[in-house]
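The values are calculated or read from the model by the stated rules, or taken from the named source; none is laboratory data. It should be emphasised that the depicted structure is a prediction, and the values quoted were computed from it without experimental measurement. Quick reminder, even Gly has a Cβ in these numbers, built from the backbone with ideal geometry, and neighbours come from all protein chains shown. Note: accessible area is taken over every heavy atom of the protein model, side chains too, but ligands, DNA and RNA are not part of it. Shrake-Rupley method; radii C 1.70, N 1.55, O 1.52, S 1.80 Å.
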Amino acid sequence: MLVDLGFVTAEQVAASQADAGGSGVVDYMLANKLVRPADLAQAKAAHFGAEVVHLRDLAIPDDVIATVSRTLAKRYRAIPVSRTDGGITVAVSDPSDLDVLDSLQHALHAEITPMVASEDDIEWALGRFYGGKGETAVDKMIQDITRGEVDLGGPQVELGAEDGGTVDADAPLIKLVNQVIVDAFKLRASDIHLEPLEKRFRIRYRIDGVMQEMKGPPKRLQASIIARLKIQSNMSISEHRIPQDGRIQAKAGGKLIDLRVSCLPTNHGESIVMRILDKEGLKLGLAELGFFTDDQQTFERLIGLPDGIILVTGPTGSGKTTTLYSVLHFINRPDRKIITVEDPVEYILGGINQVQVAELVGLTFSAALRSILRQAPNVIMIGEIRDLETASIAINASLTGHLVFSTLHTNDAPGAVTRLIDIGVKPFLVASSTRALMAQRLVRKICKQCGAPTVPTADELRLLGLDASSIKNATFKKGLGCGNCNNTGCRGRMGIFEVFVIDDEARKLIYDKVPSSVLRQRAREMGMRTLREDGVRKVLAGLTTAEEVIRATVGDAD
């Protein structure tokens, strides 16, 4: 059949028969890559009059997977694909094995219809749906928690509030919740999303800025898992109507990690998002953040100034806070007093006075700043400039001998000037106090273990503003996907930056209230490198992909 379908020649079969010795001819051809597993599956299907199924392309519902237990699926290497009132269609690699089909029919009390899948697909599906070679601890625990092991009642969950709990029935659930957190940390996730949907309970991790779905627990465990997390983060488990916030401290891999927990009521239950706050990320040097040598030298000179304001801009999730914390870590010396005002205080930094905003008792950004100035700091970090009062106090502080760092939500560096003037700050104050404006975005780095040379497309070159002459010595790379990067081709993220140093000419333009577009054009003439231009440098150096830079700088294509 392999010969008839054109996958091998008769001569190859004859040669394989001569060389195979005691082993099967088809096994020999597979081992020597004369045929592919997918070719073999097609030949078997044609021989036995069955259909071929590509399991990786199918979205198999949870209720179908549940028809075949983990034990049976692994023993018979069979994956349920669909079911009808009286029968189940399963994918197997060998439809001629009648013993397997008969055993499944007796065990499941249903008519079995076989489909053919390659061995590779079967192996992948066992891991995906039942926990195979890549089985995580969470997958094992989900399989091990049976319906009778978890009490789905409300108040009783409190009895297991301490790890190890006093009620044995709660122990598997406690371990499961803890393992979800540990697995996320090991995969370098920044957020854990637990989302109740209509018919399932979804778990997703945000890894390097991209959401990746994990195997979720059964819908029946939803209420217990959410209650457990609310207990751990000191929320009220009896309140289901309003959003709540909390924090969890956990140990993962010998490290103490903080999690900021947000609980939001939705149509199908409470959605929980946990932000993992890893303190190790704050000790990054400026080079590790993604600065090239020239930008790093400029930035180091700026953060060493005695006074003025330095603003970091960008959308939520662009790494502004990490950059500012890394800067504070860099300049944190015994001869400098540093105070921060944040909402919330995400990371605890040694040697720095950190103030948590509490609007309920009147401790706003502006109220905290007024008091901070009496503490005689050298450096002040403000979590975000949100209103005129905060901006005015920050500017006055910078004009009276303090170095002030803060963030703004604007798309580019020159846009921060327009934003400050829009909220009511006088242009001459902006011009005289601002030392530098920096916009940033995050792009994924190419995995070092599977990165391989690649050829950019004509569209990518056009969007990056490159031509054949400018890429002669370039190193375009792309990750192929491996175990180190979870088959994504990318591992870790780095920043791309747009640094606008305010000089006398820029001050005059700000004082004259020129539009943001004019200021941006002058900034470029004065040597400012745009986000996309900085990204292009990192693409040419083989650090990230053209696709990543184009995605992150879609509004910067001028």
At a temperature of 20 °C and a viscosity of 1.002 mPa s, determine how fast the range 351-481 diffuses translationally according to Stokes-Einstein, using the Kirkwood radius over alpha-carbon pairs as Rh; express D in µm²/s, rounded to the nearest whole number.
116
Whole-Å distance, taken between Cα centres, linking the range 10-48 and the range 302-345:
64
Any idea which of Ile174, Ile550, Gly451 is furthest toward the positive side of the dipole for the chain, if Lys and Arg beta-carbons carry +1 and Asp and Glu beta-carbons -1?
Ile550
Of Leu264, Leu197, ordered by accessible area with the largest first and a 1.4 Å probe, the sequence is Leu264, Leu197
Output the direction-averaged projected area (hull surface divided by four) of the convex hull of the alpha-carbon atoms of the range 265-381, in nm².
9.7
Could you order the peptides 114-120, 362-368 from most to least packed, using the average number of other C-beta atoms within 10 Å per residue?
114-120, 362-368
Stokes-Einstein D in µm²/s, Kirkwood radius over Cα pairs - the range 461-542 at 10 °C with 1.306 mPa s viscosity
102
Among bridges DSSP assigns within the chain, what percent are antiparallel (round to 5)?
65
19 Å Cα-Cα reach of Lys255 towards lysines, excluding residues that sit fewer than 8 places from it in its own chain:
Lys175, Lys186, Lys279, Lys283
What's the carbon and sulfur percent of the chain's accessible surface, probe 1.4 angstrom, rounded to a whole number?
50
For the chain, give the magnitude of the charge dipole about the Cα centre (Cβ charges: +1 Lys/Arg, -1 Asp/Glu; no others), in debye to the nearest 20.
1720
Over the chain, calculate the relative contact order: mean separation of alpha carbon pairs under 8 Å at least 6 apart, over the residue count, as a percent.
8
If amide H atoms are modeled at 1.01 Å from N in the peptide plane, then the residues at a separation of 5 or more from Asp191, or on another chain, having amide H under 5 Å from its own are Arg206, Ile276
Under the 0.36 nm per residue contour assumption, what length would be gained going from the current alpha-carbon distance of Asp245 and Leu187 to full extension?
18.4 nm
Can you give me the solvent accessible area of Ser318 with a 1.4 Å probe, rounded to the nearest 10 Å²?
10
List the cysteines in the chain whose Cβ has no other cysteine Cβ under 4.7 Å from it.
Cys263, Cys490
Once Rh is set to the Kirkwood radius over Cα pairs, what Stokes-Einstein translational diffusion coefficient, in µm²/s, holds for the chain at a temperature of 37 °C and a viscosity of 0.692 mPa s?
118
Span-like helices, the chain: DSSP H, alpha-carbon axial extent 20 Å or more, mean Kyte-Doolittle -1.0 or greater, which ones?
171-186
Using a 1.4 Å probe, what is the accessible area per residue for the range 217-369, in Å²?
45
Ordered by packing density, taken as the mean number of other Cβ atoms within 10 Å over each peptide's residues, highest first, how do 301-308, 24-31 rank?
24-31, 301-308
